[in-house]
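A short write-up of the structure that comes next.
Where a number appears in this text, it was derived from the coordinates with a stated rule and is not lab data. Keep in mind that what you see is a predicted model, and the values were worked out from it rather than measured. With ideal geometry, Cβ positions are generated from the backbone for all residues, glycine too; neighbour counts draw on all protein chains shown.
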Amino acid sequence: MLALVFGAVLLLANCKKDDNFVQKDVLTVNTTDGYTDVNFVNCQYNLDNLPTETLSEAEKSSILFMREEEKLAMDIYMTLHDKWSTAHAFHNISQSEMTHTDAMLQLIVKYNLTDPVGTNGTGVFVNTTLQTMYDDLVLQGETSLIEALKVGALVEEVDILDLKNALNTFVDNQDVEMVYENLMAASRNHLRAFVKNLTNQGVTYVPQKLTQAEYDEIINGDWEHGHHGG
């Protein structure tokens, strides 16, 4: 019965689709510093008009994981901003990450999944790997501003690789692709931002997870304004 009701809801939602649908730009970029927010209205418009396809188990698991991984970035940056308040990058990028976690929530709502974040506070995660990462990286980042900025760059590298792996191996739903590709573009901008901050501190950053070639391609690229899935 629940399946029938949910199916009816989807049919009603499909009736509201835009017959002249063209994906709208999802990202808003600060072209000076690279802080990249998700535009919820445009993201929701794209989600409403892209087909609702059956999620594979891998896609379901990935959506729930990425919801918490985007929260991980937000929480680490908020916590490190408390320690290094003069480094505005942490505050600004944490605000961007808040929009990223909300974009993942939009996917969770569309597919009627159970949100792993719920009312969990800063630094609280269901996924034990992410919980350990948070605990370890905050400790590292609190030792010095340079280490904090390196933590920021590492978090973005991990984010990029996880999104890239998902897109390359099992994600085929157009709406999931749309969200993931935009979040990956935003993460590349944020990596550029942290590296720029490290450069200003006189530090040459060495990638911790990306290959040197992958890293160089990102760093030598321009600020990205989004990506249309398809």
Scope region 23-32; condition without any contact (Cβ under 8 Å) to a residue 40 or more places away in the chain and either among the hydrophobic types (A, V, I, L, M, F, W, C) or assigned to a loop (DSSP other than H, G, I, E, B) (or both); matching residues: Lys24, Thr32
Before we move on, is Asp135 outside any loop (DSSP other than H, G, I, E, B) and either farther than 21 Å from Ala103 by Cβ or without any contact (Cβ under 8 Å) to a residue 12 or more places away in the chain (or both)? yes
Which pairs turn up if I take residues in region 94-107 that are under 25 Å from Asp82 (Cα atoms) and look for partners that are surrounded by fewer than 23 Cβ atoms within 10 Å (Cβ to Cβ) and aliphatic (A, V, I, L, M) with beta carbon separation below 8 Å, at least 6 apart in sequence or on another chain? Ser94/Met74; Ser94/Met78; Glu97/Met74; Met98/Met74; His100/Met74; Thr101/Met74; Thr101/Val117
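Here is a yes/no grid of residues against (1) among the aromatic types (Phe, Trp, Tyr); (2) surrounded by fewer than 23 Cβ atoms within 10 Å (Cβ to Cβ); (3) part of a helix (DSSP H, G or I):
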residue: Asp18; (1), (2), (3): no, yes, no
residue: Phe21; (1), (2), (3): yes, yes, no
residue: Gly34; (1), (2), (3): no, no, no
residue: Asn120; (1), (2), (3): no, yes, no
Give all pairs with beta carbons closer than 7 Å in which a residue from region 50-65 that is over 11 Å from Gln174 (Cα atoms) and in contact (Cβ under 8 Å) with a residue 12 or more places away in the chain meets a residue that is small (Gly, Ala, Ser) and in a helix (DSSP H, G or I); count only pairs at least 6 apart in sequence or on separate chains. Ser62/Ala166
Quick check, is Ala186 surrounded by 23 or more Cβ atoms within 10 Å (Cβ to Cβ) and either touching a residue at least 24 places away in the same chain (Cβ under 8 Å) or touching an Asp or Glu at 6+ places or on another chain (Cβ under 9 Å) (or both)? yes
Identify, please: which residue in region 96-118 is part of a helix (DSSP H, G or I) and polar (S, T, N, Q) and is, among those, nearest to Ala193 (Cα to Cα)? Ser96
Identify, from the list Leu191, Leu163, Leu183, the residue that is in a helix (DSSP H, G or I), touching a strand residue (DSSP E or B) at 6+ places or on another chain (Cβ under 9 Å) and within 23 Å of Thr101 (Cβ to Cβ). Leu183
So which of Leu137, Leu64, Leu47 ends up being crowded, with 16+ Cβ neighbours inside 10 Å and in contact with an Asp or Glu (Cβ under 7 Å, 6 or more places away or on another chain)? Leu47
